[in-house]
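Note sheet for the following structure.
The values are calculated or read from the model by the stated rules, or taken from the named source; none is laboratory data. Computed from a prediction, not measured in an experiment: that's the story for all the values here. Cβ coordinates were reconstructed from backbone atoms using ideal geometry, including for glycine residues, and neighbour counts include every protein chain displayed. For the accessible areas, the whole protein counts, side chains as well, though only heavy atoms, and no ligand, DNA or RNA atoms are used. Shrake-Rupley method; radii C 1.70, N 1.55, O 1.52, S 1.80 Å.
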Amino acid sequence: MKKYSLEGGMFTFKQFLETKAGKAIYVASVTVVLSAIGSWAVLAHQDSASSERKDESMAAAKSKPAVADTHFAKEAAQGGMAEVKLGQLAREKGSSDSVKSFGKRMVDDHSKAGDRLKEVAAKENIMLPTDIGAKDQATYDQLAKLSGAAFDRAYAKDMVADHQTDVAAFKKEANGGKSDALKGFASETLPTLEDHLKKAREMMKSVAGSSVSKSAETSPSGH
């Protein structure tokens, strides 16, 4: 056992601790060591908590869709609901078979696409609107006042304009969207919208021609 000298005498560490000075030094040393350990533990906990918050923040940022993707999803949802509502109106008020047939397809195709979009939006944490926009409602109200050939022409013209806008928006999302899920939805739906645009143009030509023919048949010069 190691011995220490004090004013010429020899004593052990145990004897040293039994002295007032030894006890004071021992207690002070233990206090310093424990304080250092406690401080290290606090800092380690703070670093760990900070790291966890940072990871959670990064995960939340990754799970949150881009503003453009969210805008696309909401616009697509409202546009799709409008196509369904206008399609139902076309089936009721259209006087041309082509208009009635097109209206039925709008109801079927856009209802299906709307259901698919809801699934994608739910996974992407996007809250979709539950009704059509003010502009589409105004269009619906205007068309609802028309009938016969006038309705057919106005509806066909609106369908061409709407689907030109839709095709452009879906192409943009399919090529430049940040959300893989929404890009996939846009890519899957785009061919159907392009076919809608093609059929809408054919419908517009059809109802324009039939209205001219009917006018000629009923005019005095036509007899």
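Against the definition (modelled with pLDDT under 95 and farther than 25 Å from Leu190 by Cβ), how does Gly94 come out, yes or no? Reasoning before the result, please.
Working: modelled with pLDDT under 95: no; farther than 25 Å from Leu190 by Cβ: yes.
No; evaluated as a whole, the condition is false for this residue.
Does the range 128-157 hold any residues that are acidic (Asp, Glu), open to solvent by 30 Å² or more (accessible area, probe 1.4 Å) and touching a residue at least 12 places away in the same chain (Cβ under 8 Å), and which are they?
Residues of the range 128-157 that are acidic (Asp, Glu), as a first pass: 131, 136, 141, 152.
Still in the running and open to solvent by 30 Å² or more (accessible area, probe 1.4 Å): 131, 136, 141.
Hits for the range 128-157 are Asp131, Asp136.
Can you tell me which residues in the range 97-122 are within 11 Å of Phe185 (Cα to Cα) and touching a Ser or Thr at 6+ places or on another chain (Cβ under 7 Å)?
Ala113
Across the range 86-113, what is the total count of residues that are under 20 Å from Met204 (Cβ atoms) and either surrounded by fewer than 16 Cβ atoms within 10 Å (Cβ to Cβ) or charged (D, E, K, R) (or both)? Write out each step before concluding.
First, pick out the residues of the range 86-113 that are under 20 Å from Met204 (Cβ atoms): 86-107, 109-110.
Then drop every residue that is not either surrounded by fewer than 16 Cβ atoms within 10 Å (Cβ to Cβ) or charged (D, E, K, R) (or both), which leaves 88, 91-93, 97, 100-101, 104-105, 109.
Selection size over the range 86-113: 10.
If we scan the range 197-205, do we find a residue that is closer than 16 Å to Ala76 by Cα and either open to solvent by less than 30 Å² (accessible area, probe 1.4 Å) or in contact with a Lys or Arg (Cβ under 9 Å, 6 or more places away or on another chain) (or both)? Don't jump to the end; show me each part of the working.
Kept after step one, since they are closer than 16 Å to Ala76 by Cα, are these residues of the range 197-205: 197.
Now narrow it down to the ones that are either open to solvent by less than 30 Å² (accessible area, probe 1.4 Å) or in contact with a Lys or Arg (Cβ under 9 Å, 6 or more places away or on another chain) (or both): 197.
The answer is yes; a qualifying residue exists.
Could you check, for the range 49-60, whether at least one of its residues is small (Gly, Ala, Ser) and at pLDDT 95 or above?
If we filter the range 49-60 for residues that are small (Gly, Ala, Ser), which is where we start, we get 49-51, 57, 59-60.
Now narrow it down to the ones that are at pLDDT 95 or above: none.
Looking for residues that are small (Gly, Ala, Ser) and at pLDDT 95 or above, one finds none in the range 49-60, hence no.
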